[in-house]
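Step one of this worksheet: look at the structure below.
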């Protein structure tokens, strides 16, 4: 990316692209927001590379589960952005699972995500497994 383009774009718009891609199941768009060596972490799981996440994330939705993001709040800093949202999953049987999530993303000088950390309530997430 050109440096003047990166300077003019907001990290919030990158987060918008990332989460809209998840909602749409558009994994190539999702992947394009990350640096090649990006790492993703969760408070309920070990860190994984972005490429390993690319293998796992689509499997969450393979059964027809969908997700939408509501109650979105964002804060950006000089090299990071934080988004808090409700991830609202709808299971194939019609059940809804709502999880309050906080995601912190760190960016490199090219505007690519180099690290993402997701914090969620593991008890609420159990609803996805049943």
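The values are calculated or read from the model by the stated rules, or taken from the named source; none is laboratory data. The structure presented is a predicted model; accordingly, all values stated were derived computationally and were not measured. Neighbour counts run over all protein chains shown; Cβ positions are idealised from the backbone, glycine included.
For the stretch 38-53, a residue qualifies if it is part of a strand (DSSP E or B) and touching a helix residue (DSSP H, G or I) at 6+ places or on another chain (Cβ under 8 Å), and the qualifying residues are 38, 39, 40, 48.
Within the bounds of the stretch 61-83, is there any residue that is in a strand (DSSP E or B) and over 18 Å from residue 16 (Cα atoms)? No. I'd like the full set of residues that are closer than 18 Å to residue 42 by Cα and free of Cβ contacts under 8 Å to residues at least 12 places away in the same chain, limited to the stretch 84-130. Of everything in the stretch 84-130, those that are closer than 18 Å to residue 42 by Cα and free of Cβ contacts under 8 Å to residues at least 12 places away in the same chain turn out to be 123, 126, 129.
Does residue 89 satisfy the condition of being more than 25 Å from residue 10 (Cα to Cα), touching a helix residue (DSSP H, G or I) at 6+ places or on another chain (Cβ under 7 Å) and either at pLDDT 95 or above or surrounded by fewer than 18 Cβ atoms within 10 Å (Cβ to Cβ) (or both)? Judged against the criteria, residue 89 is a match.
Within the stretch 109-130, the set of residues being in contact with a helix residue (DSSP H, G or I) (Cβ under 9 Å, 6 or more places away or on another chain) and buried (at least 17 other Cβ atoms within 10 Å of the Cβ) comprises 111, 112, 113, 116.
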